[in-house]
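The values are calculated or read from the model by the stated rules, or taken from the named source; none is laboratory data. Everything quoted here is computed from the prediction, not taken from an experiment. Here the Cβ is made from the backbone with ideal geometry for all residues, glycine too, and neighbour counts use every protein chain on show.
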Amino acid sequence: MTLDDCYQLGSLGKPHGLKGFVVAFFDVDNLADYRQLKSVLLEFPAAPGKLVAHEVEKFQPQTDNKVLLKLRGIDRIEDAEPLRNAKLWRALAELPALADDQFYFHDVIGYTVVDAELGQLGVVETFYELPKQDVLGMRYQEQEVLIPVVDELVRRADQATRQLFVKLPEGLLDVYLTPSSQQEEEPDDESAA
């Protein structure tokens, strides 16, 4: 299995206690969806791109995204220490099911963005996970436009038509299409000569 077939579930931190537990940080919306987790794939910093399967023995939630994880065969602090900073991955096929009005970011890459007022705008190229909120990046009139991923703006995805329906606030596209004041002040090479 390759990274392209997987999604990053989170990462491992330091060992916890003497019996092989390790602190894990899960990048998920609902930790309860993973209580029955049977296995994970680890990617170690020393071997990027290489995945190693591990069976999960114990899963003990601590906070909204922090878990004490016990992997089979890791029974001492000395066994757990080499796991520090490993990334946790799972197969895309194992993603929890979503409600009809929800979608995973990777699912809508390549979808056409359709605004309620303006119609078809462009194609979803990427998503950026920023500290305050996630944004999607699309190409519109040869400019990258970033749209915050919030329910008020991103309404729904239609898998059958590969369309992502949005209702953009007035002026959002203008921010990306209007040249900045610095660009307006700089003379182009021909007029300067």
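Out of curiosity, is V135 under 15 Å from V154 (Cβ atoms), in contact (Cβ under 8 Å) with a residue 24 or more places away in the chain and touching a strand residue (DSSP E or B) at 6+ places or on another chain (Cβ under 8 Å)? Show your work before the answer.
On the way: under 15 Å from V154 (Cβ atoms): yes; in contact (Cβ under 8 Å) with a residue 24 or more places away in the chain: no; touching a strand residue (DSSP E or B) at 6+ places or on another chain (Cβ under 8 Å): yes.
No: the conditions fail for V135.
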What do you reckon, is K50 part of a loop (DSSP other than H, G, I, E, B), farther than 16 Å from L68 by Cα and of a type outside the set (G, A, S)?
yes
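Go over the candidates L12, L92, L42, L69 one by one and state the one that is within 30 Å of Q163 (Cβ to Cβ), in contact (Cβ under 8 Å) with a residue 40 or more places away in the chain and surrounded by 12 or more Cβ atoms within 10 Å (Cβ to Cβ).
Testing whether each residue is within 30 Å of Q163 (Cβ to Cβ), in contact (Cβ under 8 Å) with a residue 40 or more places away in the chain and surrounded by 12 or more Cβ atoms within 10 Å (Cβ to Cβ) leaves just L92.
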I'd like to know if the range 86-94 contains one or more residues that are over 28 Å from M1 (Cβ atoms), at pLDDT below 90 and not in a strand (DSSP E or B).
no
Of (1) crowded, with 17+ Cβ neighbours inside 10 Å; (2) more than 30 Å from V154 (Cβ to Cβ); (3) touching a residue at least 40 places away in the same chain (Cβ under 8 Å); (4) not basic (K, R), H54 fails just (3)
Selection status of I77, under 30 Å from H16 (Cβ atoms) and modelled with pLDDT of 90 or more:
yes
Those residues that are surrounded by 14 or more Cβ atoms within 10 Å (Cβ to Cβ) and touching a residue at least 40 places away in the same chain (Cβ under 8 Å), I need them from the range 108-132; list them, please.
V108, Y111, T112, V113, V114, D115, L121, V124
Apart from one, (1) on the phi > 0 side of the Ramachandran plot; (2) touching a strand residue (DSSP E or B) at 6+ places or on another chain (Cβ under 7 Å) all hold for G13; the odd one out is (1)
Would you check which residues across the range 18-39 are within 19 Å of I77 (Cα to Cα) and surrounded by 12 or more Cβ atoms within 10 Å (Cβ to Cβ) and list them?
K19, G20, F21, V22, V23, A24, F25
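When the range 14-47 is examined, which residues are found to be part of a strand (DSSP E or B) and either closer than 23 Å to L92 by Cβ or modelled with pLDDT under 95 (or both)?
Residues satisfying the conditions are A24, F25, F26, S39, V40, L41, L42, E43.
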Taking the range 72-89, which residues are surrounded by 14 or more Cβ atoms within 10 Å (Cβ to Cβ), within 14 Å of V40 (Cα to Cα) and out of contact with any helix residue (DSSP H, G or I) (no Cβ under 9 Å at 6 or more places or on another chain)?
L83, A86, K87, L88
